Structure formats: structure tokens, C-alpha cells
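One structure below.
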Amino acid sequence: MLSTLIYRSHICENVPFATLDDLASSANARNEVYDVTGILLFNGTHFFQLLEGPEESVNAIYSRICDDPRHHNLVELLRDYAPARRFGNVGMELFNLTEHDGDEVLQAVLDKGTSKYQLTYNDRALQFLRTFVEATEREHYFELPPAESWRFVEDDSPQRNGDASLLQGVPCQFAFQPILDPLSQSIVALEALIRSPDGNTPDRFFAGLSQEEIPVADLHAKKLAFAQAKRLGIGERTLAINLSPLSLVAVPGAVDFLLHEIHAQGLVPEQIVVEVSEREVIARQGAFAAAIKQLKAAGMRLAIDDFGAGSAGLLLLTQVQPDRIKINRHIISDVHKSGPKQAIVRAILQCCASLEIQVIANGVEKVEEWMWLESAGIAQFQGFLFARPAINAIPAVNWPELADTPV
Ligand code: C2E
Ligand code: MN
């Protein structure tokens, strides 16, 4: 099947412009073998390339391109299918935009078109081309330094362990993972994540219960989360707990139970954030709204977990106004390489800025993901890159520091 792939990238500093024509002609020889055609634009800093051909060939060429050391910060903008090639004749012509006027280039590029249809701007691929030539999206082309610019230094304070005596005869345990602001080296909150008695995942814990037992078990487990957090010396820090909306809705007096246990540990409701997942909220709108009123009236805050993962999307923000949202891990993963993910994160940020909702990026594993998200304006992160959850303990954090430049 004929497929189209568009990406943009940033030229590496050590590549002389004079070598670009050679680059294009050697790439062309390879493209011919693979039956890949397209167009390559260069604006003095960035490349923009449209590749078209059989899907496997396009993928093979693109993975070679990704490994090419002459450019970096590659962002895939479009992957699509088309009935005909747009640039079937030209092999892979290089257009250097620094040598021509924008409108001229656009016309010249379109003149190269071979689509059996008149090439028009109704075509998404061509719209991308136009946007690149006109540089209207350029402010979003973040130039990220190499990942090696940062080294990660473990916090001076070692992991703080909890109180083992609290674990006698309890049905579950909790792991704690920090949510942090890496650049100011501060911990924003600790999230309590439920574990089975043998330390297994939340899914394994809940799998051992019947559907009827889950809401009460989930709610009652929070008693241990508060107690362990207190023993860990959480002090005035924010503690985030996860709760199924069903627990709030189906268990009578659920909010009162939470308040009682919070006070019993000498904690205050203002330091508690209740995280509920987007998926479950939407299923029980009406009853959930009432429980949220009660939580808020008592001083607790609300976070929407896994934002962007369910079917609710932005509509949810018209119905529930959370204090925080946590962007789903699958949107965060490889965000530095994906145009669609970047567009979604930017939209979420814009929306949350207008609504004064704090945004947390969840599941950050790579330095590049973190750097892209910082550039986009996110300041709060949770992920293995900084700290993994630790059972009955507050883990030490790996803080990023700028590595010394090599002499
Ligand atoms: P969540 O609330 O989104 O919690 C974050 C999950 O992402 C945790 O998995 C954590 O270990 C994992 N995580 C954090 N950073 C990374 C990363 O960089 N990479 C990857 N791959 N994973 C990362 P965990 O502990 O298995 O929890 C899974 C989910 O179970 C939680 O997702 C939450 O929705 C639910 N859960 C946890 N505790 C409770 C609870 O007490 N009650 C209820 N109802 N659900 C809970
Ligand atoms: Mn959570």
C-alpha cells in the first residue's frame, strides 16, 4: 500500500551546508532502490521531508534516517495512505529555502507534483509542507540538547523506610512515588500506590477481590496509606491517593471515612489529593458530582488521573473542575518524537492554563521526554526517570543536573 510519512528535524552543528547536495544525491540512490520518492526541504536550521512509497520501504528508509547523525530532534508529523504519489518524478529533490523566496519555493515545489489530481491545499500532506515553508509552527520546534547534557544525581537523603509493624495482618501495602519539580529540585507530592501483601501490582491486589468487595476494600485501604505516610514523616507534604469513583459513590459515608482517618493520623484534608481515573468518572457522572462536592467542601483536592486515555477527553473539563490533571503515560511516552502527541500535550496545557489546573506528566522514563515536556511548559513530573515507587518507603530521587561540558 502506498504510504506517506512526513517528519521534521534539526541539522547538527557540525554539518556544512555545502554537503547537503551530496547528502541528497546519495539518499536518492538508496530511495530509488526502495522505490521511495518525495521531497526534502531545508530552511537553514531544519529539515522537512515527505517520503512516499510502499509502506515497508518507507519504514525502512525512515529508520535509517532516524539513525543519521547529521540531524537530530526528529519529530514524525504524519503517517498516512494515499491513492497516488505526490512527487513521483523527482526522486528526492532538495529545496534549500534559504536560497529562494517563500512563495516562489512553494510554487516550485508544487510544480514538481505528479499527483494525477491537481495538487491542492486540501491535502494534509501539502498543508504540512506549506506550514513548514511559511514557518508558522516554528515556535513549537523545540531544540533539545542531547540527553547526555544531564546527569542524574541521587538525593543526599537516603530512602526513608516505613513502619513494618503496621503491616501485621493487613490485606495490602502501599508503595510511594514522588511527583516532583526537577529544576527546582522540590518534591510536589507523594503518591500512594496500592500493593498486594506480597508486593504485587494494584491489578493483582484487586483481582483477589469480588466486584462487590472492591469499593469498600479500596476505601478502607486508605486508612493504611495515611498511617504509613504519617510514619514515613510526610509532614506537611501533599499526599495523593487513588480511589475508584465507585468507592465514593457506592460506599455510604465514604468521604466521612476518609476525613476520620486523615484526622486520626494528625494529617489535614488540605494536604490530600484524591486521584480518580478519567475513564471511571465519566461512567458515573451524577452521583460522582455529589461526592466531589463533599470532598471539596472538606478541603481535599481532586486530580484526574490518566487524562487523555479515556473517551471523555476535553469534555470532562466542562463537567468536573479538577485541581490537577495527570497526563496519561501513553501520551508522554516518546512525546519528543511524535507530532500528534506534542499537539495533544500543547492543547491540554493551553486548556489547563485557562482553567488554572495544574498539569503533571506521568510515566516519564526518558531524558528526552522530560526535556520536551519542560520546553512545552510542564513543571511537575512523575516517572522512573526520577524515582520508582518504593514499597512502604519514600524512595531517594535522582535529580537532573547539567553535566559539565567536556574539556
Ligand atoms: P496511576 O495512578 O497512574 O499510577 C502510576 C502508575 O504508573 C504506577 O503503577 C506507577 O508504578 C507507574 N509508573 C510511574 N512512573 C512510571 C514510569 O516511568 N514508567 C512506567 N512504565 N510506569 C510508571 P502501579 O503502581 O502499578 O499502579 C497502576 C494503577 O493502579 C495506578 O495508576 C492507579 O490507577 C491504580 N491504583 C493504584 N493504587 C490504587 C488504589 O489505592 N486504589 C485504586 N482504585 N486504584 C489504584
Ligand atoms: Mn494515580
Could you tell me which numbered condition G310 fails, if it satisfies all but one of (1) within 30 Å of L259 (Cβ to Cβ); (2) more than 16 Å from ligand 2 (Cβ to nearest atom); (3) assigned to a loop (DSSP other than H, G, I, E, B)?
(2)
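Name every residue in segment 241-257 that is more than 16 Å from ligand 2 (Cβ to nearest atom) and either within 28 Å of the chain's Cα centre (by Cα) or on the phi < 0 side of the Ramachandran plot (or both), in order of residue number. So that I can check it myself, show each step before the final result.
Initial filter on segment 241-257 (more than 16 Å from ligand 2 (Cβ to nearest atom)): 249-257.
Answer for segment 241-257, where residues must be more than 16 Å from ligand 2 (Cβ to nearest atom) and either within 28 Å of the chain's Cα centre (by Cα) or on the phi < 0 side of the Ramachandran plot (or both): V249, A250, V251, P252, A254, V255, D256, F257.
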Qualifying strands (runs of 3 or more DSSP E) (wholly inside segment 323-393; at least 3 residues being crowded, with 22+ Cβ neighbours inside 10 Å):
324-327, 358-362
Suppose the filter is within 16 Å of ligand 2 (Cβ to nearest atom), under 25 Å from Q358 (Cβ atoms) and surrounded by 15 or more Cβ atoms within 10 Å (Cβ to Cβ); does I194 pass it?
yes
Going through T238, T318 one at a time, which residue ends up being hydroxyl-bearing (S, T, Y) and within 16 Å of ligand 2 (Cβ to nearest atom)?
T238
Residues that are under 22 Å from I234 (Cβ atoms) and in a helix (DSSP H, G or I): does segment 274-289 have at least one?
no
Pairs needed: first member in segment 1-17, among the hydroxyl-bearing types (S, T, Y); second member anywhere, at pLDDT below 95 and assigned to a loop (DSSP other than H, G, I, E, B); C-beta distance under 7 Å; at least 6 residues apart or different chains.
T4/A82
If we ask which residues in segment 245-257 are within 12 Å of ligand 1 (Cβ to nearest atom) and either in contact (Cβ under 8 Å) with a residue 40 or more places away in the chain or in contact with a strand residue (DSSP E or B) (Cβ under 7 Å, 6 or more places away or on another chain) (or both), their number turns out to be 2
With the checklist (1) in contact with a strand residue (DSSP E or B) (Cβ under 6 Å, 6 or more places away or on another chain); (2) under 30 Å from G233 (Cα atoms); (3) part of a helix (DSSP H, G or I); (4) aliphatic (A, V, I, L, M) in hand, flag the one item A125 doesn't pass.
(2)
Being over 25 Å from F381 (Cβ atoms) and surrounded by fewer than 17 Cβ atoms within 10 Å (Cβ to Cβ) is the filter here; which residues of segment 168-191 pass it?
Q168, G169, V170, P171
How many of the residues making up segment 336-374 are more than 16 Å from ligand 2 (Cβ to nearest atom) and over 23 Å from Q185 (Cβ atoms)?
19
Cβ-Cβ distance below 6 Å, separation of 6 or more or different chains: which pairs start in segment 277-289 with a residue that is farther than 20 Å from N328 by Cβ and of a type outside the set (D, E, K, R) and end on one that is in a helix (DSSP H, G or I) and modelled with pLDDT of 75 or more?
A287/V249
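Just checking, which of L239, L190 is within 15 Å of ligand 1 (Cβ to nearest atom), aliphatic (A, V, I, L, M) and touching a Phe, Trp or Tyr at 6+ places or on another chain (Cβ under 6 Å)?
The conditions single out L190.
The values are calculated or read from the model by the stated rules, or taken from the named source; none is laboratory data. All values reported here derive from a predicted model rather than from experimental measurement. When we count neighbours, we look across all protein chains shown, and the Cβ atoms used for this are built from the backbone with ideal geometry, even at glycine.
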